[in-house]
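Rule-based calculations on the coordinates, nothing more; no lab input. Fair warning: this is a prediction, and the values are worked out from it, not measured in the lab. Virtual Cβ from ideal backbone geometry, glycine too; neighbours counted across all protein chains shown.
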Amino acid sequence: MAETLRAKALKTLQKLSRISAADEWGYCKCVSCGKLDHYKNMDGGHFIPKGSSSRWALEESNVNPQCKGCNGFSMKHGSAEAQYTLWMIDWIGKDQVEHMLATKNDPVKFYAADYREMIADWSEQIKSHERRLGERGGLK
């Protein structure tokens, strides 16, 4: 089954969120628990879940590095969601977090051209970070 443009855009944004947060050795911190790991071992976790918000699913500010444990089980059954909220408030401010939460159900329609533009832009940013880290391409 072919990957949809939306799925490719999500995958690209998730990689960008991880690699852009990485230090010069490729390590970044989980925004929920603070675990330090290589960006390739982390997830690009959504503050507002991608499945419940067309408005925020593809917004860079909504996707940040999370370890696999926090992005999975702990977001639903642990403290990761609360920790992510506190991190977001520190990072972008309480007013913006409240705005994101208040508008999470606002529908946004993206077209194929929109997805292609996002993918192209984010892919260029990823390439820049790969050069910064001395890496060569790939969408892992």
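Structure data summary
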| item | result |
| --- | --- |
| Gain upon complete extension [ARG131, HIS38; 0.36 nm per residue less C-alpha separation] | 31.9 nm |
| Backbone N within the stretch 18-42 under 18 Å of label point (7 Å from SER79 Cα along the Cβ vector) | 30-36 |
| Footprinting exposure proxy for ILE126, ILE92, ILE19 (fewest neighbouring C-beta atoms within 10 Å first) | ILE92, ILE126, ILE19 |
| Most to least packed among 103-111, 34-42 [average Cβ atoms within 10 Å] | 34-42, 103-111 |
| Gyration tensor over alpha-carbon atoms, the chain, equivalent ellipsoid semi-axes in Å | 22, 21, 13 |
| Zone residues, the stretch 49-63, relative to PHE110, backbone N less than 13 Å from point 7 Å out along Cα-to-Cβ | 50-63 |
| Computed [θ] at 222 nm, deg cm²/dmol, the chain (DSSP H ≥ 4; -39,500 (n - 2.57); rounded to nearest 500) | -15500 deg cm²/dmol |
| Taking ASP90, ASP43 and counting other C-beta atoms within 10 Å, the order from fewest to most | ASP90, ASP43 |
| Given charges at beta-carbon only (K, R positive; D, E negative), |dipole| of the chain in Debye | 480 debye |
